[in-house]
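Data block below; observations after.
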Amino acid sequence: MKIAYILVSSMTVLFLIYAIHAYLTFEVNLQEVKEAVSLRNEAQANNIMQGLDKFIDERITDIRKISNSKRILDILSDSNREFSQIKDLESFLEQKESEIEFTVMVPSSVGELHYYCRAKNKKKCNEGDLSTAFFSANSKKLPILFLTTGEVTKKAIDLTKTEFRSMTMKNI
């Protein structure tokens, strides 16, 4: 019986030693895994921040290049000159509520194509509207893009097929 008690006691002591060893090993490994994950996340965050810093620096450089571009400065000064020549600003703005004209640059495989564009907010556009736009574009020596929110008369459509071939018309 004494041997049985000794065996049971020694087995219990061995089991306790093994349990304590396993618990301590688990705690140490868990701590190491937490540290490794933390370091990995920190490294990833650092890489992301460096990438963002590089991207922001590139965009700032691009903006500085654009702001120093002579072409943009020329366009802005031309726009300011045109605006300063408007005598009656209120009538100009009232006119622009139903119609607007501008030049657009369309990218293509052969480079940028410049178009004179006139947009009209009108229920029905006739040949007079198209011819006014056509002659404005002709004076600038540009093809025309005519945009309208309303219908276009049949006679006006026929004009785009015969006399106004450089005109592209879209209903928006």
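The values are calculated or read from the model by the stated rules, or taken from the named source; none is laboratory data. No experiment lies behind these values; they were computed from the predicted model shown. All Cβ positions, glycine included, derive from the backbone under ideal geometry; neighbour counts span all protein chains shown.
Data overview
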read-out	value
Qualifying residues in region 123-151 (those that are more than 20 Å from residue 104 (Cβ to Cβ) and over 33 Å from the mean Cα position of the chain (by Cα)) - the one surrounded by the fewest Cβ atoms within 10 Å (Cβ to Cβ)	128
Inter-residue pairs, beta-carbon under 9 Å, first among the basic types (Lys, Arg) and in region 149-172, second assigned to a strand (DSSP E or B), 6+ apart	170/145; 170/146; 170/147; 170/148
Helices (runs of 4 or more DSSP H) wholly inside region 57-172 containing at least 2 residues that are at pLDDT below 75	70-84, 89-98
